[in-house]
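The values are calculated or read from the model by the stated rules, or taken from the named source; none is laboratory data. Worth saying up front: this structure is predicted, and the values here are computed from it rather than measured. As a convention, Cβ positions derive from the backbone with ideal geometry for all residues, glycine included, and neighbour counts pool all protein chains shown. Protein only, heavy atoms only, side chains kept; ligands, DNA and RNA dropped before computing areas. Shrake-Rupley method; radii C 1.70, N 1.55, O 1.52, S 1.80 Å.
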Amino acid sequence: MKNLHEAEVASRFDAQRRRFKSAVADDDYRLLGLLDAVGPVRGLTILDLGCGKGRFARALRRRGAAVIGVDIAAAMLAEATGVPRARASSRRLPFRDASFDAVIAVEAVEHMDPAGCEATLREARRVLRPGGRLAIVDKNVAALSARRPWLPSVAEKRIDELRGRWMYPAWGPVRERWFWPSRLRRALERRFERVDVRRLLSPAERERWLFRRLPAARLMTLWVAEAPGGRNVQ
Ligand SMILES: C[S@@+](CC[C@H](N)C(=O)[O-])C[C@H]1O[C@@H](n2cnc3c(N)ncnc32)[C@H](O)[C@@H]1O
């Protein structure tokens, strides 16, 4: 059963599903980051949390992985064609312990409340096999805007919220939560091993010296964490 926060998130995604892309390019910087984090995916079983229209799940399937997507938004999920999928919350996953080699979540955790985020990390750890990797791509709260590098990205988002251009209204019950990279790293370290934070460089950021030289100013961040008990554990 969905909680109120998730009900609001699901209804906003379903209502605004046309805003979201259904495909991802083979050289997409987030996809390349995920592939680097997970390693060769052929033959792996991967869970995509908050898969939306399934664009990353399909990209991983094209590379030979068996991918299952879950999402709380029915209309988004309906467009995730070509991917085995289930309508479910990442807080309570309908899968057995240790049933996945990797779990990914792209721009999904930022839509969860703190309790949902905590439960999601717990569930990701539960369904990962020992040594399996969790890869989260989300936004860095300390980023600068790629279009206007004198402006923090969160300020740009706030302006959009106030103008009614963001997917959640300025004074609504749900806000997108961006992360301090070190804070999410610490949350991961409570459950996982070898947590790594990687700053992804978007095409727009690549155009500017500032972002090439100052990774901490980049928006998209990749957190990679390993479930305990893997072969590499010293
Ligand atoms: C911005 S979309 C990203 C979709 C997809 N990962 C992509 O990058 O194309 C975020 C998705 O996360 C889903 N979501 C948010 N909270 C969730 C939760 N607790 N469990 C499952 N899905 C969730 C939303 O319904 C939405 O489809």
Taking the square root of 5λ for each eigenvalue of the C-alpha gyration tensor of region 1-122, the equivalent ellipsoid has semi-axes, largest first and in whole angstrom, of 22, 17, 13
Would you rank Glu226, Glu156 by solvent-accessible area, highest first, keeping every protein chain in place and using a 1.4 Å probe? Glu156, Glu226
Principal axis lengths of region 101-234 from Cα atoms, whole Å, largest first? 48, 38, 20
Looking at Ile104, Thr120, Pro149, which one has the Cα that reaches farthest to the positive end of the dipole of the chain (charges on Cβ: Lys, Arg +1; Asp, Glu -1)? Pro149
Coarse-grained scattering of region 77-176 at q = 0.14, 0.17, 0.18, 0.23 Å⁻¹, given as base-10 log I(q)/I(0) from a Debye sum over alpha-carbon atoms: -0.71, -0.93, -0.99, -1.22
Cα pair count fraction exceeding 14 Å, expressed as % - region 27-69: 41
Could you state the accessible area per residue of region 195-234 in Å², with a 1.4 Å probe and every protein chain left in place? 57
Once the whole set of protein chains is in place, how much accessible area is left on His5, using a 1.4 Å probe, in Å² to the nearest 10? 40
Carbon + sulfur, % of accessible area of region 1-153 - ligands and nucleic acids excluded, 1.4 Å: 54
Just read off the accessible area of Trp180 with the full protein assembly in place, 1.4 Å probe, to the nearest 10 Å². 130
If you take every DSSP beta bridge fully contained in the chain, what fraction is antiparallel? Give it as a percent rounded to 5. 40
Spacing of the two label points (7 Å from each Cα toward its C-beta) at Ile159 and Ala25, in nm: 2.6
Expressed as a whole number of Å, what is the distance separating the alpha-carbon centroids of region 151-200 and region 29-78? 21
Compute the normalised compactness of region 150-190: alpha-carbon radius of gyration over 2.2 N^0.38 Å, N being the residue count. 1.45
Please identify, among Ala80, Ala108, Ala98, the residue showing maximal mean-square fluctuation in a Gaussian network model of the chain using a 10 angstrom Cα cutoff. Ala98
Trypsin sites (Lys or Arg not before Pro) within region 108-161: which are DSSP loop residues with at most 11 other Cβ atoms inside 10 Å? Arg147
Longest to shortest principal axis, alpha-carbon extents of the chain, angstrom: 45, 40, 33
Out of Ala37, Ala155, Ala88, a Gaussian network model of the chain with alpha-carbon springs under 10 Å gives the largest mean-square fluctuation to Ala155
By accessible area of protein heavy atoms, probe 1.4 Å, what ranking do Thr81, Thr120, Thr45 get, highest first? Thr81, Thr45, Thr120
Rounded to the nearest 20 debye, dipole of region 1-153 from Cβ charges on Lys, Arg, Asp, Glu: 320
